[in-house]
2 protein chains.
Amino acid sequence: MKNVKPLGKLIAIGGNEDKGTYPNPRTKKKFYLNFFELGILKRVVLESGQEDPRIEVITTASMIPDEVARIYISSFTMLNCNNVNVLDIRTREDALRPEYVERIRQADIVMMSGGNQSRLVDIFGGTEFLAALKHRYQTKPNFVIAGTSAGAMGMSKTMIKGGSVPDALMKGAVKMGTGLGLLDNVVIDSHFVKRGRFGRLIEAVALHPKLIGIGLGEDTGMLITEGNQLETIGSNMVIIMDGHHLEHSNAAAAQKGEAISIENMLLHVLVKGNLYDVNQRTFYPNLKLREQVAESTLLTAGQGANEPTPAAS
Amino acid sequence: MKNVKPLGKLIAIGGNEDKGTYPNPRTKKKFYLNFFELGILKRVVLESGQEDPRIEVITTASMIPDEVARIYISSFTMLNCNNVNVLDIRTREDALRPEYVERIRQADIVMMSGGNQSRLVDIFGGTEFLAALKHRYQTKPNFVIAGTSAGAMGMSKTMIKGGSVPDALMKGAVKMGTGLGLLDNVVIDSHFVKRGRFGRLIEAVALHPKLIGIGLGEDTGMLITEGNQLETIGSNMVIIMDGHHLEHSNAAAAQKGEAISIENMLLHVLVKGNLYDVNQRTFYPNLKLREQVAESTLLTAGQGANEPTPAAS
């Protein structure tokens with residue numbers, strides 16, 4: 001199934017400025033997402049192609065699931081969505097309930113909240129629930145799985161479990177693990193810009209140079225179609241780290257706690273409307289340019305058009 | 001004079017973990033530098049090639065110059081240096097005193113403290129003092145100018161004046177200005193890793209893509225010989241940003257406050273013993289490999305050996 005292009009879409013969101021989906025006690029509108037993230041949710045609804053999509057909210061990653069659920073229900077309601085429900089899964093036992101599996105099979109949008117990405121894996125790993133989610137993502141056109149913060153980081157097969165910013169790039173500082181496996185070739189970090197997580201993602205990619213590192217800024221998301229076509233949405237930026245050109249690196253050989261050296265990490269900064277093709281490792285400033293390249297590839301390459309070509313430079 | 005290789009050396013130090021050279025109230029040894037930075041100072045002394053070098057400490061950047069002066073005198077004394085004096089320059093008038101200019105002409109090592117790099121430029125810019133410092137750096141073999149934090153950032157011709165981490169990569173967030181001009185082709189940031197300043201340096205290089213960005217980690221320094229040969233010293237790391245391969249970027253066209261997009265920034269992470277040639281934009285894991293490359297270049301290139309060659313990949 002891995003090599004078949006999924007018909008569904010992923011939307012990975014970097015988290016908002018107010019530390020994930022936790023309510024900000026200083027604002028009155030504490031049960032709403034902020035303006036920017038609401039803009040991204042609007043896109044989530046739009047991408048489903050449904051007027052009033054069936055939305056299931058998964059708050060499993062969060063330690064304050066009731067509050068987070070209220071935030072998402074309020075926010076989707078503001079967007080005129082009236083078919084929003086919460087899959088209140090807090091334990092592995094909850095995840096095994098057949099009615100929840102059935103609801104995934106009927107959903108148009110699944111929204112995964114922030115929190116701790118390891119909880120997603122601990123609770124959903126190997127369940128029929130996860131299998132049903134993956135199957136719907138693979139087979140149902142315009143099915144959307146959106147995830148904020150931990151909900152975004154958990155999407156990939158290889159996942160960052162944690163790691164403090166001050167220790168980044170000291171061998172062993174970043175903790176890697178297995179994610180939900182919706183995406184094969186990337187590793188995702190969130191709250192990227194304001195929390196200064198560059199070093200953490202550089203280390204993750206140095207350790208797994210075949211993976212493309214995606215650092216999601218706050219108030220920013222990445223729409224992923226066909227499992228590898230990325231489009232930046234939102235107000236901030238997305239950082240792409242490409243380790244395919246790495247030359248010298250001591251990342252594998254270094255002792256725990258030793259500083260890591262790396263030669264030739266390629267970095268891109270994407271803003272709203274910029275695109276990135278994970279398979280071809282190519283940046284496109286906009287959709288029009290990608291379409292032009294795709295057309296010329298078809299014209300010149302004939303039958304080989306579906307094969308990956310080297311990155312632009 | 002720019003194209004003549006300086007005979008002196010620069011040692012740019014990222015600052016220590018305790019916020020620059022400010023004493024840490026929690027430790028008893030508050031008037032000493034920490035262990036790691038002391039190791040770097042040892043190297044500073046060693047590079048001068050003198051048994052008991054004449055050391056002049058410049059505390060001009062600092063707002064607590066007396067305390068900073070005591071720290072450096074104590075630290076150099078611990079290293080058996082007994083010829084340490086402070087150039088107590090706090091205003092532009094101080095900088096004009098002829099005896100200070102004369103002392104620069106006699107010094108073996110000049111040590112510039114941390115603080116605010118703009119103060120260095122405001123007070124020394126255009127003075128005979130700065131001209132004497134540059135002249136000695138150009139003409140006196142093994143003359144060492146070392147600088148910590150602001151003292152390192154101020155070394156280059158184009159300098160980062162400031163810019164907050166959370167706003168990095170939003171056009172206008174990084175403030176650029178003119179530095180002391182000891183180095184032409186680089187822009188230097190300090191306290192790089194622990195303060196998460198990646199975005200700030202990426203923005204600086206995107207705005208000035210002909211400059212090599214040098215991000216100095218804490219407890220880490222860069223020995224610079226011939227004005228362009230870099231060697232990493234200390235326990236942490238140095239980040240190099242090379243913008244010479246930039247393709248698409250909106251850095252010039254973006255409005256103030258708009259997120260900046262960048263395609264193809266090349267990034268290296270250097271640890272102790274790793275080298276970087278700024279002119280040739282080449283990373284070398286160690287001195288031996290650089291010498292091998294230099295030898296083979298001489299053998300194969302003949303008369304063209306002194307011309308810059310393209311980066312390794």
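Things worth noting here:
- Cα-based shape type of segment B:34-113, given that a ≥ b ≥ c are square roots of the gyration tensor eigenvalues and the cut on a/c is 1.5: oblate
- Highest-MSF residue in chain A out of A:Gly126, A:Gly115, A:Gly163 [GNM, Cα springs under 10 Å]: A:Gly126
- Hits among aspartates and glutamates - C-alpha to C-alpha of A:Lys134 under 14 Å, sequence gap 8 or more where chains match: A:Glu102, A:Asp108, A:Asp184, A:Glu226
- Largest mean-square fluctuation among A:Ala131, A:Ala252, A:Ala206, in a Gaussian network model of chain A whose springs join Cα atoms under 10 Å apart, belongs to A:Ala252.
- Stretching the chain fully between A:Lys140 and A:Val4 yields a gain of 47.7 nm (0.36 nm per residue, less the alpha carbon separation).
- Three-way shape label, segment B:203-301, alpha-carbon gyration tensor, a/c 1.5: oblate
- Accessible area buried at the B-A interface, both sides summed, 1.4 Å probe (Å², nearest 100): 2900
- Once the C-beta distance of B:Thr178 and A:Glu99 is scaled by a Förster radius of 60 Å, the resulting FRET efficiency is 0.35 to the nearest 0.05.
- With every protein chain in place, the protein assembly as shown: carbon and sulfur % of accessible area (1.4 Å): 51
- Among chain A residues, the one whose Cβ is nearest the axis of the rotation from A to B, given with its distance rounded to whole Å, is A:Gly196, 1.
- Among the listed pairs B:Lys161/B:Lys194; A:Lys42/A:Lys272; A:Lys9/A:Lys288; A:Lys210/B:Lys194; B:Lys175/B:Lys210, those with a Cα-Cα distance over 24 Å are A:Lys210/B:Lys194.
- Other residues lying with their Cβ under 11 Å from the Cβ of A:Asn83 contribute a combined charge of -3, Lys and Arg counting +1, Asp and Glu -1.
- Max mean-square fluctuation residue, GNM over chain B, Cα-Cα springs under 10 Å, options B:Asn228, B:Asn83, B:Asn185: B:Asn83
- Relative packing of peptides B:269-279, A:165-175 - highest average C-beta neighbours within 10 Å first: B:269-279, A:165-175
- When A:Thr77 is represented by a point 7 angstrom out along its Cα-to-C-beta vector, the spacings to that point in the other copies are 7.1 nm, nearest first.
- Inter-chain Cβ neighbour count for A:163-170, averaged per residue, equals 4 (cutoff 10 Å, partner chain atoms only).
- A:Glu203, A:Glu99, B:Glu93, reordered so the largest accessible area comes first (probe 1.4 Å): B:Glu93, A:Glu99, A:Glu203
- Exam field: A:Ala294 pseudo-label spacings to other copies (7 Å along Cα-Cβ), nanometres: 5.2
- Around A:Ile145: net Lys/Arg minus Asp/Glu count, Cβ-Cβ under 12 Å: +1
- With protein chains left intact and a 1.4 Å probe, residues in segment A:180-313 average 37 Å² of accessible area per residue.
- Gyration tensor verdict on the protein assembly as shown (Cα atoms; rounded if a/c is under 1.5, prolate if a/b is larger than b/c, oblate otherwise): prolate
The values are calculated or read from the model by the stated rules, or taken from the named source; none is laboratory data. Computed from a predicted model, the values in this text were never measured in an experiment. Don't worry about glycine lacking a Cβ; one is built from the backbone with ideal geometry, like all the others, and counts go over all protein chains shown. For the accessible areas, the whole protein counts, side chains as well, though only heavy atoms, and no ligand, DNA or RNA atoms are used. Shrake-Rupley method; radii C 1.70, N 1.55, O 1.52, S 1.80 Å.
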